[in-house]
1. Take the residues in the stretch 14-30 that are of a type in the set (A, V, I, L, M) and in contact with a helix residue (DSSP H, G or I) (Cβ under 9 Å, 6 or more places away or on another chain), then tell me which one is surrounded by the most Cβ atoms within 10 Å (Cβ to Cβ).
2. Looking at (1) part of a loop (DSSP other than H, G, I, E, B); (2) closer than 24 Å to residue 49 by Cα, find the lone condition where residue 142 falls short.
3. Quick test of your reading of the structure: residue 136 fulfils all but one of (1) modelled with pLDDT under 95; (2) of a type outside the set (Gly, Ala, Ser); (3) out of contact with any His (no Cβ under 9 Å at 6 or more places or on another chain). Name the failing condition by number.
4. Answer yes or no as to whether residue 7 is touching a Gly at 6+ places or on another chain (Cβ under 9 Å), part of a loop (DSSP other than H, G, I, E, B) and either closer than 20 Å to residue 170 by Cβ or not hydroxyl-bearing (Ser, Thr, Tyr) (or both).
5. Considering each of 197, 174 in turn, give the residue that is closer than 25 Å to residue 23 by Cβ, of a type in the set (S, T, N, Q) and surrounded by fewer than 20 Cβ atoms within 10 Å (Cβ to Cβ).
6. Please verify whether the stretch 103-112 includes one or more residues that are in contact with an Asp or Glu (Cβ under 6 Å, 6 or more places away or on another chain) and surrounded by 15 or more Cβ atoms within 10 Å (Cβ to Cβ).
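The values are calculated or read from the model by the stated rules, or taken from the named source; none is laboratory data. Since this is a predicted model, take the numbers as computed values, not measurements. Here the Cβ is made from the backbone with ideal geometry for all residues, glycine too, and neighbour counts use every protein chain on show.
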Amino acid sequence: MGDIGMPGGPVVGTDGIARCPWATGDPLNVAYHDAEWGMPVHGEGSLLERITMEAFQSGLSWLTILRKRPAFRIAFADFDADRIARYDDDDVARLMADARIVRNRAKILATIQNARATVEVRSTGGLDALIWSHRPATTDAPRTTSEMHAQTPTSKTLAKDLRSHGFEFVGPTTAWALMQAIGLVDDHLMGCHRRGTSGVHGAA
């Protein structure tokens, strides 16, 4: 069991289910935590979407990104790398005028560059293989949020590898958030009902 009821430990919701404390309150956070966060994600488009979401989240709340997720999918062609890779200055202007998404020029340009990098890495195995080659082999598990990492040696290595292939806005902290989100590690707290249900390893 985790430290349910302790500061930073799992929180039991009104439905009687214990969850990581960030996944309480708003139904979007609850649904994302229960159905997606920490579950293995594969496929080029799905991974490009997660990279994009984590990059845009920097400096903002995750809930803001979740609320804008449908608009991001429309704005970025359902994360079809080939289509995004062809975006030009007119597309950048269009996106900067789209109030439904986060209008950050640097992050928009990074998304376009990341789509181009995604296309390029197909020749060396693809984005899926590139990211999942960094899956760690440890089983450590945090009991409270104070034991959770902002970045790890593995995330530093992943970030370096992604940048070497032309990806942007993928520093070690963003890379670690990506690893948590797509199930390279199981970073749900001990005592959270989702801990150990995804078949992936703990933090490293």
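1. Step one: filter the stretch 14-30 for residues of a type in the set (A, V, I, L, M), giving 17-18, 23, 28, 30.
Subsequent filtering for residues that are in contact with a helix residue (DSSP H, G or I) (Cβ under 9 Å, 6 or more places away or on another chain) retains 17, 23, 28, 30.
On the way: 17: 15, 23: 23, 28: 15, 30: 16.
Top of the filtered list is 23.
2. (2)
3. (3)
4. On the way: touching a Gly at 6+ places or on another chain (Cβ under 9 Å): no; part of a loop (DSSP other than H, G, I, E, B): yes; either closer than 20 Å to residue 170 by Cβ or not hydroxyl-bearing (Ser, Thr, Tyr) (or both): yes.
In short, no.
5. Working: 174 fails: surrounded by fewer than 20 Cβ atoms within 10 Å (Cβ to Cβ).
One residue alone meets the criteria, 197.
6. Yes, the conditions are met somewhere in the stretch 103-112.
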